[in-house]
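**Student:** Sharing a structure here in structure tokens format.
The values are calculated or read from the model by the stated rules, or taken from the named source; none is laboratory data. Everything numeric here is computed off the predicted structure, so don't read it as measured data. Don't worry about glycine lacking a Cβ; one is built from the backbone with ideal geometry, like all the others, and counts go over all protein chains shown.
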């Protein structure tokens, strides 16, 4: 396989007068988890649908596993696994039947299918439900079966379009763990779209931030966060003293020291690099340290810096259930006589 | 941009399987296998298709047998058996299931696999052929239980089932065309209205000589007229209420097959055009 798993040159897609994707350049090396972060409607799914051969680019070029998505879609399809935004399953099949059918369509022999189903189920644990009809599955189980179906033919590259949208935290953590294992143990390249900062931060080696059909920033999560400001080392002290502040100001790499009651904020370009010297300086100045923490900017800060709006503010909601139900009248205590 | 070299993990040890195109026949069989497996899991879609034609068959012969015997000298039980079978097999398809696949994204999942596009339709039609043949058999058995006698014997019954199955198959082209064109369950359900003119503007209840005026003109160009005539020729050699014909009526059977082929040419062309439109990457 080529060293570059996914490459695009000015790839763009127009629907009527609307450009959903407005010229995106990507170069994703094999074995990477690439997180594509942006709010709903930013163009994430359109890009994924072009790369997995469901949509033809209006202009530009996309290469997946070395094959042009427009000219040789059949070659691309053999090398990719895809879990689209809504778990695309057939409720009347059992999980095992669905996986077996996927295997058949990828030309796997019976022994290969049985072996792959067993392997995939070791990675994506669905338990005994695998032999039940899919209509009995929870949302989290459906997503995981969808992931399993995407993996049945051992693809080099896996596209996951918002794999945890709408899932509860426990199911989300399970999917994260499975994605991580898939990448670390099998070396699978993963192209992941998400609207969750936490997800991109947690999983992706590199993140591309998309807004209104364009990539506005790209890099490791840490590098991206550093572009919007300095890290802050926060030291909580039992007693504040001028000597302590002077000691901190003299630490190489520290830009600014700001005292606020019992807390000292130490600003530095690279917070991790100054953590140890700051601790040594505090110890040298005789300060009694209650806690010492490093706070870095979030990807939301990056999005805000680049687009002028918060990521969440651009979202239209993910269908999370309303938790603010009023108790039913029947459950309220009876008024005193 | 920061270098990613450190973050990229090692490659996998060895490929265990190699994805490859499965081949046309395997693709059709795989799609058909799934569709056939779904049928017993949707009894609500199959049971009415069996009960309704048997109900009307028994009702019609109970109500009209004596009258038709006196007026046209025909055995109404034998005359109406092909109608009951046609009712059972017409309009039974996986088109609604196909719309569900389109709407919930499963069709896209299939499109991302290396499956050829034509088997996505042919596999469903293979399942339909299996189902309509399975529906025709119990209706035929009810006819036999009521005393219908096939002049062409067991071989005639087999031909009867095959012709009925082929008719059921070519009719599915219409709901599939609508399903693939619109992706709309309401439109697919509405396609059922096509059933009425095709099946009723014909020799459904009376022989051709008894039809009058515009109905006779319409019936003459309705393929159903020739299909019913072909099926009736297998049951009785007195298909028109007139003089008995030969035991195996090659003309009637040939015209029935031709009518099925002509209807199929139109309906399957529409379905294939709709499939091409649906799978074309826009």
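**Student:** Just to be sure before I move on: is residue B:97 surrounded by 17 or more Cβ atoms within 10 Å (Cβ to Cβ), at pLDDT below 95, within 14 Å of chain A (Cβ to nearest Cβ) and under 20 Å from the mean Cα position of the chain (by Cα) in the structure I sent?
**Tutor:** yes
**Student:** Can I ask one more? Mind checking which residues of the stretch A:180-203 are more than 14 Å from residue A:5 (Cβ to Cβ) and within 10 Å of the chain's Cα centre (by Cα)?
**Tutor:** Listed by number, the residues that qualify are A:193, A:194, A:195, A:196, A:197, A:198, A:199, A:200, A:201, A:202, A:203.
**Student:** Taking the stated definitions as given, is residue A:158 crowded, with 19+ Cβ neighbours inside 10 Å and part of a helix (DSSP H, G or I)?
**Tutor:** In short, no.
**Student:** Further question on the same structure: Criterion first (surrounded by fewer than 22 Cβ atoms within 10 Å (Cβ to Cβ), under 19 Å from residue A:15 (Cα atoms), free of Cβ contacts under 8 Å to residues at least 60 places away in the same chain and over 15 Å from the mean Cα position of the chain (by Cα)) does residue A:61 satisfy it? Break it down stepwise before answering.
**Tutor:** On the way: surrounded by fewer than 22 Cβ atoms within 10 Å (Cβ to Cβ): yes; under 19 Å from residue A:15 (Cα atoms): yes; free of Cβ contacts under 8 Å to residues at least 60 places away in the same chain: yes; over 15 Å from the mean Cα position of the chain (by Cα): yes.
Answer is yes for this residue.
**Student:** Do any helices (runs of 4 or more DSSP H) lying entirely in the stretch B:106-224 carry at least 1 residues that are closer than 30 Å to residue A:147 by Cβ, and which ones are they?
**Tutor:** Because the criterion is at least 1 residues that are closer than 30 Å to residue A:147 by Cβ, the helices (runs of 4 or more DSSP H) in the stretch B:106-224 that meet it are B:106-112, B:118-145, B:173-182, B:185-190.
**Student:** A further question follows. Considering only the stretch A:199-227, state which residues are in contact with a helix residue (DSSP H, G or I) (Cβ under 9 Å, 6 or more places away or on another chain), away from chain B (no Cβ under 13 Å) and surrounded by fewer than 18 Cβ atoms within 10 Å (Cβ to Cβ).
**Tutor:** A:202, A:212, A:216
**Student:** Looking at the stretch A:15-40, which of its residues are more than 14 Å from chain B (Cβ to nearest Cβ) and in contact with a helix residue (DSSP H, G or I) (Cβ under 8 Å, 6 or more places away or on another chain)?
**Tutor:** Selection gives A:21, A:24, A:36, A:37, A:38, A:39, A:40.
**Student:** Condition check: closer than 21 Å to residue B:96 by Cβ and surrounded by fewer than 19 Cβ atoms within 10 Å (Cβ to Cβ). Does residue A:111 satisfy that?
**Tutor:** Taking the combined requirement at face value, the residue does not satisfy it.
**Student:** Now, a different point. With respect to the numbered conditions (1) free of Cβ contacts under 8 Å to residues at least 24 places away in the same chain; (2) under 15 Å from residue B:19 (Cβ atoms); (3) out of contact with any helix residue (DSSP H, G or I) (no Cβ under 8 Å at 6 or more places or on another chain), which one is the sole condition not fulfilled by residue A:150?
**Tutor:** (1)
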